1. Would you point out which residue out of 231, 215, 223 is in a strand (DSSP E or B), farther than 22 Å from residue 146 by Cα and either in contact with a strand residue (DSSP E or B) (Cβ under 8 Å, 6 or more places away or on another chain) or assigned by TED's automatic domain parsing to the domain that holds residue 296 (or both)?
2. Looking at this structure, is residue 88 assigned to a strand (DSSP E or B), surrounded by fewer than 20 Cβ atoms within 10 Å (Cβ to Cβ) and either in contact (Cβ under 8 Å) with a residue 60 or more places away in the chain or on the phi > 0 side of the Ramachandran plot (or both)?
3. Name the residues in segment 381-393 that are touching a residue at least 40 places away in the same chain (Cβ under 8 Å), out of contact with any helix residue (DSSP H, G or I) (no Cβ under 6 Å at 6 or more places or on another chain) and either buried (at least 22 other Cβ atoms within 10 Å of the Cβ) or in a helix (DSSP H, G or I) (or both), would you?
4. Give 341, 369 a once-over and let me know the one that is farther than 25 Å from residue 146 by Cα, at pLDDT 90 or above, touching a strand residue (DSSP E or B) at 6+ places or on another chain (Cβ under 8 Å) and surrounded by 17 or more Cβ atoms within 10 Å (Cβ to Cβ).
5. State whether the residues of segment 573-583 include one that is crowded, with 23+ Cβ neighbours inside 10 Å, touching a helix residue (DSSP H, G or I) at 6+ places or on another chain (Cβ under 9 Å) and not assigned by TED's automatic domain parsing to the domain that holds residue 500.
6. From the list 363, 358, 373, 367, pick out the single residue that is over 30 Å from residue 321 (Cβ atoms) and more than 21 Å from the chain's Cα centre (by Cα).
7. I want to confirm something. Restricting to segment 261-301 and keeping residues that are more than 21 Å from residue 183 (Cβ to Cβ) and surrounded by 17 or more Cβ atoms within 10 Å (Cβ to Cβ), which single residue is modelled with the lowest pLDDT?
8. Please work out which one of (1) free of Cβ contacts under 8 Å to residues at least 40 places away in the same chain; (2) surrounded by fewer than 21 Cβ atoms within 10 Å (Cβ to Cβ) is the condition residue 40 fails and give its number.
């Protein structure tokens, strides 16, 4: 806003409001389980089943379904069911027992056992990449003109009596001093820095950074030359600027080897060091033994190369690499097709610069191990859930291969309860009866959890068994039993898109299904429905497969969280508000902020109410937003806290429709309650 009005007129001042709360997504499903190949233990977003087949299916024909030793694994079928039923976005976390081949590269630090410098890991897991040959090599600098320290000598034959820092020099060759050179003068202790170079009609004058004390004259000249590099020097000049010396380069002197890292270079050939030169053992240049440029000492850049060979074929290669992040060839930024480069598990603690130089001997190979999906345990699912904790926009979690592993399903439950922004869709073990052990009721008791963080579905679905090629299709179509969780997640997504997240995902057809493992009667469903097991039904005279339940696994006493749509609606409201009012963090905690937040939240809840997510003839009956002094006394404001109280009345499904029929003189009367 304008702070001063200098002349009469109309002043336009733009005011930016807090904006509106945009509802978050509700139908991104995470799938955890074994697959034939693909990114291992890394959440990967896909948007079609074809993409799943390409990335996680068998390499031949991208066959998406995994089978090993006659055992079928069901992740692919769950993902297919999700997309067939309306899902549009999924996150896949592939689990398994495979490991990737790794090559450990060690440093050249002398005096102690070499330590891990970095690791090279094959992108593909299993034994196949074990045949890779990994070579670390030195990257030689051009041999024709290796960079050398600049050196020149001249005679100092005049000292300005009015300015003892200004001297005249007479060159003995064609080279010239530059501003920035460090010089030594015969008879003077220490070194001087050339601050300026001035060409005049009476000669070349240098401006030095301190006074010259010795007497000089045309008959008593003093030698002046570029000074040797001592233990404190962090700047020197190259005789010819070298493009091979760049920021981040680890450099070494010839002869007696000293090391440093380049901070920057300039157009005049000056090299600025991050630290003074040091020996391979990390010691400073000894007093009295400086690096003397008069011996034309060569500077070498210690870049290195990396080559990956598959037999006689190079599959990855890079040269001019460095372990310094300021270098253009920083190793960890290089794109490789078959391997990834990882930092050491235990970073080196030495301050010696030589550790930045990798050994060129063959790295140590830790062979990869092939995947064995049958060996997957709940620990694998626990690790996968930990990875999903960093994926913010997941709303539904499925693991079709865990129907017979209650420990793995409990990991999903713990994950959803911890994150508080997603719900798990679970399966009953194959072959369970409704109530006779082993039963759906038994399994529900094992996965029941306070808060309504999961929904359990029964029985399994029958789908047409996929075949690799039409020629192998049997004359009599075969069916395959699969757990319903993936298909149900797709139903959730379809209902969200067509009716809204507040709509119960029930009385809805399951697509891509030809039957059920078991047809339930009304009596059998009555045994499981109130216990939190959602039935999937085929009714007499209707060939459709329908979801016929919408309850969570919350205990009976938690009536607030009985229904799936109520749990998911509250998650939608909570996360939308959380993200939508982030702009208010660090704003002045006063009445103006309170009113702005109340309007913003109220506007969002009003849209939810009008869309049918909240019940009530009036806004006041559907939702309430409270931000006042009662919730925010001065002591809470002093602690930087702002409390908001929101009450909502979510719509609940008409699960039981009771029709009462009575007789009256005019005929039948029907009352729907």
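1. Being in a strand (DSSP E or B), farther than 22 Å from residue 146 by Cα and either in contact with a strand residue (DSSP E or B) (Cβ under 8 Å, 6 or more places away or on another chain) or assigned by TED's automatic domain parsing to the domain that holds residue 296 (or both) holds for just one of 231, 215, 223, which is 223.
2. no
3. Listed by number, the residues that qualify are 383, 384, 387, 388.
4. Matching residue, one of 341, 369: 341.
5. yes
6. 373
7. Per the stated criteria, the residue is 280.
8. All conditions pass for residue 40, except number (1).
The values are calculated or read from the model by the stated rules, or taken from the named source; none is laboratory data. Remember, predicted model here, so these are calculated numbers, not experimental data. When we count neighbours, we look across all protein chains shown, and the Cβ atoms used for this are built from the backbone with ideal geometry, even at glycine.
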